[in-house]
Amino acid sequence: MLYYLDTAHLDSIQQAMECFPLSGVTTNPSIISKECQPLGTLLRDIRSCIGPSRMLFAQVIAREAEQMVREADALRQWCGPSFSVKIPATVQGLKAIASIKRQDPSFHVTATAIFTPQQALLCARAGADYVAPYINRLDNFGADGIQVIAEISRLFSTYKLPCQTVGASFRNVQQIHSCALAGAGAVTVSPDLLPLLLQHPLTDAAVEEFKRHWANTYGAKADLIEQLK
Ligand code: E4P
């Protein structure tokens with residue numbers, strides 16, 4: 001399962017990229033708006049932060065298919081290679097996805113704001129390369145986000161559809177883990193939640209114990225490299 005970072009906050013992107021094996025950055029209009037910066041500058045800065053080969057996801061604003069396609073083309077030109085346009089799973093969105101893929105099959109398209117397996121299946125049939133189901137929003141609605149992911153995975157495998165599920169909208173580590181077990185190809189995680197995937201008090205205790213044992217024998221200031229000389 002691949003990990004993406006769900007933010008447009010440059011410092012957070014930089015810090016996370018230094019430590020985590022991230023495959024790219026996902027944004028949406030709400031995430032972009034939070035940064036209060038010109039769209040072009042922000043997307044350029046994110047691209048230079050993540051390099052040319054990591055995936056950058058940005059979303060259209062239009063509601064009509066024809067304008068969605070124009071916005072998708074403009075975003076792709078601006079963001080360079082390794083770019084995926086996000087298009088909401090509406091009727092007009094479905095039309096836009098099919099039109100973009102007809103025009104250029106190599107254009108990466110993500111169907112977003114997915115809440116049901118049928119939305120995912122239709123979007124994959126229209127040619128979407130990725131679908132992004134919103135797990136926590138489903139859970140908050142009294143539905144089962146993980147069940148939706150599991151059913152999407154089953155449908156894509158049954159019908160041999162080359163579409164990847166990118167689980168989105170998470171509030172806790174368990175949702176992300178359940179997503180992995182349910183067969184998601186990727187997840188997109190906020191900068192706040194990402195470090196929690198590693199956090200465990202027994203890991204901290206083990207590291208402290210290693211340090212104490214080392215210091216007892218070699219001294220608290222002993223350098224490992226020096227000890228090898
Ligand atoms: C992904 O790209 C989605 O837009 C995002 O994860 C939605 O998350 P939220 O429910 O926290 O807004």
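Take F156 and decide whether it is among the hydrophobic types (A, V, I, L, M, F, W, C) and under 14 Å from the mean Cα position of the chain (by Cα). In short, no. Taking the residues in segment 28-47 that are closer than 14 Å to S82 by Cβ and within 15 Å of the ligand (Cβ to nearest atom) as candidates, determine which candidate is surrounded by the fewest Cβ atoms within 10 Å (Cβ to Cβ). Of everything passing the filter in segment 28-47, L43 is surrounded by the fewest Cβ atoms within 10 Å (Cβ to Cβ).
Among the residues here, A215 does not qualify as over 29 Å from A72 (Cβ atoms), within 16 Å of the ligand (Cβ to nearest atom), more than 21 Å from the chain's Cα centre (by Cα) and at pLDDT 95 or above. Just one of the listed residues (V25, V69) is within 16 Å of the ligand (Cβ to nearest atom), modelled with pLDDT of 95 or more and either of a type outside the set (D, E, K, R) or open to solvent by less than 30 Å² (accessible area, probe 1.4 Å) (or both), namely V25. Could you tell me whether segment 6-13 includes any residue that is surrounded by 21 or more Cβ atoms within 10 Å (Cβ to Cβ), within 14 Å of the ligand (Cβ to nearest atom) and hydroxyl-bearing (S, T, Y)? Taking every residue of segment 6-13 in turn, at least one turns out to be surrounded by 21 or more Cβ atoms within 10 Å (Cβ to Cβ), within 14 Å of the ligand (Cβ to nearest atom) and hydroxyl-bearing (S, T, Y). Here K95 meets the list (1) open to solvent by 20 Å² or more (accessible area, probe 1.4 Å); (2) touching a helix residue (DSSP H, G or I) at 6+ places or on another chain (Cβ under 8 Å); (3) under 26 Å from R47 (Cα atoms) almost entirely, failing just condition (3). For A205, are the conditions met, namely being of a type in the set (G, A, S), more than 19 Å from the chain's Cα centre (by Cα) and at pLDDT below 95? It is false that A205 is of a type in the set (G, A, S), more than 19 Å from the chain's Cα centre (by Cα) and at pLDDT below 95.
Any residue that is open to solvent by 10 Å² or more (accessible area, probe 1.4 Å), free of Cβ contacts under 8 Å to residues at least 40 places away in the same chain and either aliphatic (A, V, I, L, M) or touching a Lys or Arg at 6+ places or on another chain (Cβ under 7 Å) (or both) - is there at least one of those in segment 102-111? Scanning segment 102-111 turns up no residue that is open to solvent by 10 Å² or more (accessible area, probe 1.4 Å), free of Cβ contacts under 8 Å to residues at least 40 places away in the same chain and either aliphatic (A, V, I, L, M) or touching a Lys or Arg at 6+ places or on another chain (Cβ under 7 Å) (or both).
Being aromatic (F, W, Y) and either in contact with a Lys or Arg (Cβ under 6 Å, 6 or more places away or on another chain) or under 30 Å from A126 (Cα atoms) (or both) holds for only one residue in F210, F170, and it is F170. When restricted to residues that are in contact with a Lys or Arg (Cβ under 8 Å, 6 or more places away or on another chain) and not in a loop (DSSP other than H, G, I, E, B), segment 69-101 contains 5. If only residues of segment 56-66 that are open to solvent by less than 20 Å² (accessible area, probe 1.4 Å) and either of a type in the set (D, E) or outside any helix (DSSP H, G or I) (or both) are counted, the one that is nearest to I13 (Cα to Cα) is L56.
State yes or no: is L197 open to solvent by less than 90 Å² (accessible area, probe 1.4 Å) and either touching a strand residue (DSSP E or B) at 6+ places or on another chain (Cβ under 8 Å) or of a type outside the set (A, V, I, L, M, F, W, C) (or both)? Here the answer is yes, as L197 does meet what is asked.
The values are calculated or read from the model by the stated rules, or taken from the named source; none is laboratory data. No experiment lies behind these values; they were computed from the predicted model shown. Backbone-built Cβ (ideal geometry, glycine too); neighbour counts: all protein chains shown. All accessible areas refer to the heavy atoms of the entire protein, side chains included, with ligands and DNA or RNA removed. Shrake-Rupley method; radii C 1.70, N 1.55, O 1.52, S 1.80 Å.
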